[in-house]
Each structure stands twice: as structure tokens, then as C-alpha cells.
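Trainee: Submitted below is the structure of interest, expressed as C-alpha cells.
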Amino acid sequence: MSFYLNDCGIVCALGASRAEVREALLRGASGVQPTERYSPGRALPLGQAAVAALPAVDHLPPAQRSRNNQLVLAALAQIRPAVDAAIARHGADRVGVVLGTSTSGIAETELALKAMQEQGALPPQFHYGQQEMGSPASMLAAELGVNGPAYVHSSACSSSAKAMASAARLIAMGLCDAVVTGGSDSLCGFTVAGFSALESVSAERCNPLSAKRNGINIGEGAALFLMSREPAAVALCGWGESSDGHHISAPDPSGAGARQAIGQALQRAGLEAAQIDYINLHGTATPQNDAMEAGVVAGLFGAAVPVSSTKPLTGHTLGAAAAIEAALCWLLMQDDNPQGHLPPQLWDGVADPALPALNVAAPGASLGRPLRRALSNSFAFGGSNAALVLGRMA
């Protein structure tokens, strides 16, 4: 069974619309820029969402007024007509919402605690429910007026991949006819400080697979899909999930869990490794992740298939990363990319000799034919691994 991705909305550091994101992506223009906004006194390159004005949330209950939910609404606005048509066609009880996030409204809590320090009381507009992980899904379900299953996955960097897999399962089980799925994460001081404490944050633009790589750039954004059984140009053809529990923050260096997730995704899609046209790497630019992933990819696919990490373009958007990276693949699988231009990787080109050689896509790289099958990897803390296979169906 194919699970069609009928429409897609995306907002991230590359732009506030599909057209903006696609243009910047193909140009290889990084949206990662230095700022002290979330690390006072220390400028760090972050992927802040390139949005002049986010949608208002004044109409929402106080518990749902967060920047994270604003990003969700910004992505929703791009697909709202298609979603409304699906609700009218199937009924509100047959449409679900499954999203991924890892920050939810933590930024609002940070601002509230700062105000309490300075003024002695929490601000009246603050509500502790703003940081509840389920907030994006409950907000979106209420906004759309749907009554199908609505919930959030929060498994760090694999969150929105798992959300998309869960959306497909809801359709496969007959519980939903359509699902709005994807993910959202917003920048906040908590995550910047947390990854800094792990010595995982780079002071420069991240440099995946390089001998000089030294950490991630954190980003923010949202990507939403309307998923259904109704035919469309692109489908979620397969997914795989594993939980190896190797370490609280470090990947299993053997890559066993990552390999299992990729294998499941290929099997569900009915594909052999040689049939994949492009791999979107998790590619965080940390020493351990890149070493593990490069070994797994080289072992399964060899050195011919084009690969890239798009995190130097968008930043690592954590719980939204898998959905955003799937959206980048979705954009380049549409009819307006007949030459199969690929998501480029921005890096210094100084390959780490300790890693197996991979075919890294440079700016301007293309297949010379449509991009038909893409694999996107997501590997999270605690050994939570996920892989998605997207396919062009036309």
C-alpha cells in the first residue's frame, strides 16, 4: 500500500514558502547565520526560520500560544485548501493529526521565568501548558475541527519520522482516511545550552563528513504533509524504526540499529539498495554520528549513490528535522525538476580519511533524470533510529 503525500508546507531557515525553500536549496544558500539571541555573549550559527511575521495565536487558548505552534500554523497555511478539501470529503472523524516535536513551548517558559526573576511574578499570559509536548497536535486538530486521532511523537531527532510512520499506520489500519503529519521545533536557550554542555555545538557552520567537523548548528522550522490513499506525485513508500538503546546521547558505533531501520524501510518499499537514487543523511557533523552513518551507508549502498546532509543549509531542526528533510526531497520529486537536481551539501570538501568514501552531492549536482526514490535517515538520542523512503509515483 502506498501512502501518498498529497501536499506539503514548509518553513525553515531557507524560506517561508515552498518556492523560497526550493530556490535557496538548489542555489545552495545556507540559512544558518550567527546570532547571540539564544546564547548571550556567544555568537553561534543557528538556523532561524526565515519568516517576516508568523501567524497570530491570540485566538488560541493560552496553553497553545507558542512560537512552536506559530511555525505549525505557518506550514499549515500552505496546505490549508487541500486539508479542508480532505475534511469535507472524508469527514472530521476520519482525519487525524500526528506530529513530532522536541521543544514545544519551552521558549515561552524561558521568557516567563526571566520575567519572574526580574518582576517577582510570572507574566499573566504565561501558561505552563505551553510547553506540553502534545500541544502542537491538539492545537492543530482544534484549528482544523477534526476529531480523528491527534497526538505527538517526541523522540528527539527522529520524532517527525516516527510521526509520519504512525500516520501511515493509522491509514493502513483503517482508522483514518487522511492524516496531517510532520513536525515542528522552535529555537530556545534550553536546547542551545544543552547541546553546548555536550560539547556538540559548532561555533562555525557545520561541516558534515569533514576531517574538521566539530559539531552541529541548531535550527528551527516546521513541515507538514497531507497524507492519504489518494494518488499524488510523491508517496511515503517505506519506513523503518529501531531502538538500540546504546547510549543516552551517542550512537552505537557499529550502526546496528541504523542498519536495521534502513533495512526495514527498504523492505516495506519493496526496493533493493541499488534502486535508491539519493540519500539524505542525518549528517549532524558530530564526530561519532558521521562515522557511524558513513559506515552504514557505505556498507549498504556503496559509494555510487549521491548523498548529502542538508543541515548546513537549515540547521539541525531536532524534532522537525525528519519532516523538513522529507519535504526537501518531496519538493525535488515534483514535475518541475525533470533533471533531478539534488539537495547539495555545503562543506569544506576535506574528507575524513577515517571514513569510507561517499558520493557527496555538490551544489548543482543532478541525476540527469527525475529523482524517483530517496532515503532520508534520522538518528536520535537513546538509539531511536528511523528511516523514510519517498518515491515519485508519476
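Trainee: If you take the residues of the range 1-30 that are out of contact with any Gly (no Cβ under 6 Å at 6 or more places or on another chain) and assigned to a helix (DSSP H, G or I), which of them is least open to solvent (accessible area, probe 1.4 Å)?
Mentor: Leu25
Trainee: Condition first: over 22 Å from the mean Cα position of the chain (by Cα) and part of a helix (DSSP H, G or I). Now tell me which residues in the range 124-142 satisfy that.
Mentor: Matches in the range 124-142: Tyr128, Gly129, Ala142.
Trainee: Further, regarding this structure: Does Pro363 qualify as being at pLDDT 95 or above and assigned to a loop (DSSP other than H, G, I, E, B)? If you could, list the steps in order and put the result at the bottom.
Mentor: On the way: at pLDDT 95 or above: no; assigned to a loop (DSSP other than H, G, I, E, B): yes.
In short, no.
Trainee: May I pose another question? Every residue in the range 188-226 that is open to solvent by less than 10 Å² (accessible area, probe 1.4 Å), small (Gly, Ala, Ser) and at negative phi, please.
Mentor: Ser202, Ser210, Gly219, Ala222, Ala223
Trainee: Now for a different question. Within the range 106-123, which residues are open to solvent by less than 30 Å² (accessible area, probe 1.4 Å) and either more than 21 Å from the chain's Cα centre (by Cα) or closer than 19 Å to Thr181 by Cα (or both)?
Mentor: Thr109, Ala112, Ala115, Pro123
Trainee: Next question, about the same structure. Report the residue count in the range 31-69 for those that are under 24 Å from Ala137 (Cα atoms), in contact with a strand residue (DSSP E or B) (Cβ under 8 Å, 6 or more places away or on another chain) and not in a strand (DSSP E or B).
Mentor: 6
Trainee: Of all residues in the range 227-268 being at pLDDT 95 or above and of a type in the set (Asp, Glu), which is most open to solvent (accessible area, probe 1.4 Å)?
Mentor: So, considering only residues that are at pLDDT 95 or above and of a type in the set (Asp, Glu), the one most open to solvent (accessible area, probe 1.4 Å) is Glu230.
Trainee: When you look at Ala52, is it without any contact (Cβ under 8 Å) to a residue 40 or more places away in the chain and either loosely packed, with under 14 Cβ neighbours inside 10 Å or of a type in the set (D, E, K, R) (or both), yes or no? Can you show your working first?
Mentor: Working: without any contact (Cβ under 8 Å) to a residue 40 or more places away in the chain: yes; either loosely packed, with under 14 Cβ neighbours inside 10 Å or of a type in the set (D, E, K, R) (or both): yes.
Yes; evaluated as a whole, the condition is true for this residue.
Trainee: Report whether or not Ala327 is touching a residue at least 24 places away in the same chain (Cβ under 8 Å), surrounded by 24 or more Cβ atoms within 10 Å (Cβ to Cβ) and touching a helix residue (DSSP H, G or I) at 6+ places or on another chain (Cβ under 7 Å).
Mentor: Against the criterion (touching a residue at least 24 places away in the same chain (Cβ under 8 Å), surrounded by 24 or more Cβ atoms within 10 Å (Cβ to Cβ) and touching a helix residue (DSSP H, G or I) at 6+ places or on another chain (Cβ under 7 Å)), Ala327 does not qualify.
The values are calculated or read from the model by the stated rules, or taken from the named source; none is laboratory data. Keep in mind it's a predicted model, so treat the numbers as computed, not measured. So basically every Cβ, Gly included, is an ideal-geometry build from the backbone, and we count neighbours across all protein chains shown. In case anyone asks, the SASA skips ligands and DNA or RNA and just uses the protein heavy atoms, side chains included. Shrake-Rupley method; radii C 1.70, N 1.55, O 1.52, S 1.80 Å.
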